[in-house]
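These notes concern the structure reproduced below.
The values are calculated or read from the model by the stated rules, or taken from the named source; none is laboratory data. All values reported here derive from a predicted model rather than from experimental measurement. Cβ atoms come from the backbone with ideal geometry, glycine included; neighbour counts cover every protein chain shown.
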Amino acid sequence: MESLKAQEDACVLPTFDSDVAFALGTIIRTRCQRNRTRPAVVYIAHANSSQLLFFAASRPGTHPDDMHLVKRKEAVVLRWRMSTTRTRMQLARPTSSYQEGLDRNRHEIADPIVYAFLGGGFPVRVKNVEGIVGVIVVDGLNEEDNHGVIVDGIQEYLANPTTRNWYLSI
């Protein structure tokens, strides 16, 4: 659980706009194509308005149900402001206090039609900005890969300044 929180803390962006979303989406889509045989969808949107900033399939064969899962994963990230994987892990652990029990009950009564506690939803945070500014969702791979490809993509983006500005050369 702590390692998932540390992952989120390490994936804070310096800025976030449609250019950043496009760069991130392209990196994540390429990682899905390169390392995975199953088709996946990559979705990036603003948190406050759900304005779609990036959407692409990694390869032919995605399913219409993928979009339903994308929206349900997005709802988890927007409500609890953490990755869907971390939210799921938090639900699985036993409660150690009354307040934690109340918080857990809030999770348990979450409508499964609205929320999907499956790996692949991730909050977009920006340095020195309170709260989340966006949501990244990958669906179509297994839960661990859905989550991992997002984390790896953000880390690649952050590690390479030329990647962050590649769109300026277009």
Does at least one position in the range 55-64 carry a residue that is of a type outside the set (Val, Ile, Thr), under 16 Å from Asp145 (Cβ atoms), in contact with a Ser or Thr (Cβ under 8 Å, 6 or more places away or on another chain) and in a loop (DSSP other than H, G, I, E, B)? no
Within the range 28-49, is even one residue farther than 26 Å from Leu91 by Cβ, free of Cβ contacts under 8 Å to residues at least 24 places away in the same chain and among the β-branched types (Val, Ile, Thr)? yes
Can you tell me how many residues in the range 1-38 are touching a strand residue (DSSP E or B) at 6+ places or on another chain (Cβ under 6 Å), crowded, with 18+ Cβ neighbours inside 10 Å and either of a type in the set (Phe, Trp, Tyr) or under 23 Å from Leu69 (Cα atoms) (or both)? 5
Checking the structure you have, find out if any residue of the range 36-50 is assigned to a helix (DSSP H, G or I), at pLDDT 95 or above, under 12 Å from the mean Cα position of the chain (by Cα) and not aliphatic (A, V, I, L, M). no
Could you grab me the full set of residues in the range 89-109 that are within 19 Å of the chain's Cα centre (by Cα) and at pLDDT 70 or above? Met89, Gln90, Leu91
